[in-house]
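Written below as structure tokens is the structure these notes are about.
The values are calculated or read from the model by the stated rules, or taken from the named source; none is laboratory data. Remember, predicted model here, so these are calculated numbers, not experimental data. No Cβ is skipped: glycine too gets one built from the backbone with ideal geometry, and neighbour counts run over all protein chains shown. We work out accessible area using only protein heavy atoms, side chains counted, and drop any ligands, DNA or RNA first. Shrake-Rupley method; radii C 1.70, N 1.55, O 1.52, S 1.80 Å.
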Amino acid sequence: WPAATAATELGVVLTSSRGPSVSAETSMDENKFDRVVENVVRGGTYGALAGAAAALLLFRHPSSRSCVFTFGLGCGMGAAYSDAAKDFGALFEGVKREA
């Protein structure tokens, strides 16, 4: 599929015969967002599976099992959140948080 690229001093502009041009910065932000969504799904799934396996092997009572399952899910989601904070940290460097 033919696509022409033109480099400028400020960035790269991608052009295609199919649609309007898209800047490389917008494309990178979309790739970051896609990667974050993928990490959240993957981290939640792996954490839930690890928690479920540990719960089934170590505990007999349903409430204990659900606690361990939820802990595993939270660990997976927390790891995904940490990665997302690293990816999007540069966007919020200049923003001050109010106490």
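Of everything in the range 37-75, what is of a type in the set (Val, Ile, Thr) and either surrounded by fewer than 17 Cβ atoms within 10 Å (Cβ to Cβ) or over 14 Å from the mean Cα position of the chain (by Cα) (or both)? Give them in sequence order.
Looking only at the range 37-75, we keep the residues that are of a type in the set (Val, Ile, Thr), and these are 37, 40-41, 45, 68, 70.
Residues satisfying the conditions are Val37, Val41, Thr45, Val68, Thr70.
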(Q) Here is a list: Gly78, Gly11. Which entry is at pLDDT below 65 and open to solvent by less than 60 Å² (accessible area, probe 1.4 Å)? (A) Gly11
